[in-house]
Each structure stands twice: as structure tokens, then as C-alpha cells.
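Accompanying notes for the structure given below.
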Amino acid sequence: MGNELVGISTELDLRHFGRKHRYSVYSEIADRIRGKALRQSMARSDLRMACLPGDHVSDKIIAEGLYEKQFLYTLVPTLIENSSVFLNSCFLDVGANIGNHSCFLSKYFAKVIAFEPNPAAFHILAANIYNNNLQNIEPVQLGLGAREAILRFLQISGNLGASAFGDSATAGVERFLQVVQGDRYLEQHSPGMPIGFVKIDVQGFEREVIEGLAATLSRDYPLVLFENELNEKETPPLNALKDLGYTRFFGFHESYFQFSGSLMRRLWKVIRNHIQLIEISDPRGFHDIVALR
């Protein structure tokens, strides 16, 4: 699979452009750095997203049109280059929040199952699916774990995405929510559907999710995207994936281009989010990791 993006450097003479044209010039430089072919291959987001003002993810969507925009754009080429696999498979969005990733990536999959146990986020997720007429997304108001249970959940004010199961968080709105085993749910509700991609964003509950999906992961070996909450060489989700036969891991790396003077300062906000997906042997320093067999 194409798992590495390479930035393309460029040089332009800015002396012939007036002040009012500079921002468009800087944007063009950033586009060239990201790569013209890559830019053309990525459909721009035309989603109409319901949001919760004052919430971290929602505020990003309101300001930029999409949460983690460059991060998602880094994933798109891999999905396009391997479309024959992904277009016939299912994307599991575990910890879907209000649907940013599910809605944006739905066009690359036959089906999306968006798991979100928190009712405060789930109802906005359902509205976003409906408002954008995304008929291949199935919203599920359940959490995934190693076994079926009703677990303590803390909803964090101002950041629904930081809400979590478990006892690590100490402040927030306490709820008790349903968790099911992923393998059992898929066997009952989507039998025979191959899983091509799994995103796990569950704030420290990753190992339990992986354990509950062990049979599915061992059968299909989908791409698995997970958050690296611990800055350590060996982490519970990493070890759980290795135990299932995953051997290659990729991290998202921000590229810093060498410019100087005022040009660098003016360009910084435009190009700061240029991201590469690179193979890694040590996960320390990487917040988001993709695992392959």
C-alpha cells in the first residue's frame, strides 16, 4: 500500500505581487508543497455538519470546515490507491463522536458503522448522517469492549471527544453506558462483510476494543488507526495488535520546511499542517498510529 507521502518543495518570486495578493500566493505555495496531484485527488469536503459551539471538535469544524483536515487528507491517497479493496469493505468508526471522520470517509467504503455510546454526541452524529444523506453509515449507540457490560462513563464538558469509559477521569458528567463485544455485534448485524479500516478513538480504552474485535482483526487484517495515549515504546494497544499478527506501524509526522525571515512567519499558519505518514519502529512522539499486518 502507498503509506508514505513526500512533500514537494517549490520556489516563487514574490516581489512582483502586491500586498492584497499575498495570501493567495502563500496558499498556492502551500498547495504546491502538499503536491498538486495529491490535492486534485482529494475531494474537498462539502459536508454540512451540525455542531455544538464551545466543544473542541465542533469549534474546529466551524472554523476550518473539518476536524483534523490535513490528517484526514493524508489518509485519502491510501484509500484511493487501494479503492478496489476499500470500496467493497466496511469502515468501523469506534468512538465516532459527532461523525466528522465517518461522514468524510464514507465515500471510500461500501458501509460505515459508527459506534458512539455517549448520547450527547450520538444524537448530533445521527443528525449529521441524516442532513448529509449518507445512507451507507449505520450509527450505533453502543461502546465496544472486550465483553458485554454496562460501564461508568465520564462526559467531559467542552470536549466530548475526551469523554471516556473507566476510572482515569475524575471530573465530568457521570453516565453508565452499554458496551458490547465487537466480534459478537458484527456477527449478528453484519455477517460476512469484510472490514477494511478500523478507527479507534476511545481515550485509553483501546486495548479492550481490540480484544473484543480479535476474531475480526485476525480474519480481515484491516488498517487500524488508533491513538497513542502513552508516550512509551510498548503500549497496551500496540502489544495487543502485535499479538494478533500486526507487524508494521506508521506514524503521522508534521513536516517542517526551511524558510527564513518574514516569509516563514507568513507561511507558517498555511503550511504548518503538512503531514506525512511514515513507517516507525518506536511509537514515542506519535499521537496517531496506523497498523498493518
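Odds and ends about this structure:
- Among residues of segment 176-192, those that are more than 18 Å from V94 (Cβ to Cβ) and either in contact with a Leu (Cβ under 8 Å, 6 or more places away or on another chain) or crowded, with 19+ Cβ neighbours inside 10 Å (or both), counted: 1
- Among (1) out of contact with any Leu (no Cβ under 9 Å at 6 or more places or on another chain); (2) loosely packed, with under 14 Cβ neighbours inside 10 Å - the single one A149 does not satisfy: (2)
- Unique match (being within 23 Å of T78 (Cβ to Cβ), at pLDDT 85 or above, over 17 Å from the mean Cα position of the chain (by Cα) and surrounded by 19 or more Cβ atoms within 10 Å (Cβ to Cβ)) among L241, L225: L241
- Residues of segment 112-134 that turn out to be surrounded by fewer than 19 Cβ atoms within 10 Å (Cβ to Cβ) and out of contact with any helix residue (DSSP H, G or I) (no Cβ under 7 Å at 6 or more places or on another chain), as a count: 7
- Set N128, N136: member being touching a Lys or Arg at 6+ places or on another chain (Cβ under 9 Å) and closer than 28 Å to F153 by Cα: N128
- Residue match in segment 70-79 (condition: crowded, with 22+ Cβ neighbours inside 10 Å and in contact with an Asp or Glu (Cβ under 8 Å, 6 or more places away or on another chain)): no
- R152 satisfies every condition listed in (1) under 20 Å from V198 (Cβ atoms); (2) modelled with pLDDT under 95 except (1).
- L154 meets each of the listed conditions (1) among the aliphatic types (A, V, I, L, M); (2) over 30 Å from P77 (Cα atoms); (3) surrounded by 23 or more Cβ atoms within 10 Å (Cβ to Cβ) apart from (3).
- The single condition among (1) at pLDDT 95 or above; (2) touching a strand residue (DSSP E or B) at 6+ places or on another chain (Cβ under 8 Å); (3) not hydrophobic (A, V, I, L, M, F, W, C) that S255 does not meet is (1).
- Count of segment 171-220 residues which are assigned to a loop (DSSP other than H, G, I, E, B) and under 18 Å from the mean Cα position of the chain (by Cα): 5
- E138 under 19 Å from I200 (Cα atoms), at pLDDT 95 or above and surrounded by fewer than 19 Cβ atoms within 10 Å (Cβ to Cβ): yes
- A Cβ distance below 8 Å, combined with a sequence gap of six or more or placement on separate chains, defines the contacts here; from segment 80-101, residues that are under 20 Å from F153 (Cβ atoms) and at pLDDT 95 or above reach residues that are among the aromatic types (F, W, Y) and outside any loop (DSSP other than H, G, I, E, B) in the pairs L92/F115; L92/F197; D93/F115; V94/F115; G95/F115; A96/F115.
- Given (1) farther than 22 Å from V180 by Cβ; (2) of a type outside the set (D, E); (3) modelled with pLDDT of 95 or more, index of the condition G158 fails: (3)
- Meets criteria (part of a loop (DSSP other than H, G, I, E, B), farther than 28 Å from P283 by Cβ and at pLDDT 90 or above) for P117: no
- Just one of the numbered conditions (1) farther than 13 Å from S102 by Cα; (2) within 20 Å of the chain's Cα centre (by Cα); (3) without any contact (Cβ under 8 Å) to a residue 60 or more places away in the chain is not true of G158: (3).
The values are calculated or read from the model by the stated rules, or taken from the named source; none is laboratory data. Nothing here was measured: the structure is a model prediction, and the numbers come from that model. Neighbour counts are summed over all protein chains in view; Cβ atoms, including those assigned to glycine, are modelled from backbone coordinates with ideal geometry.
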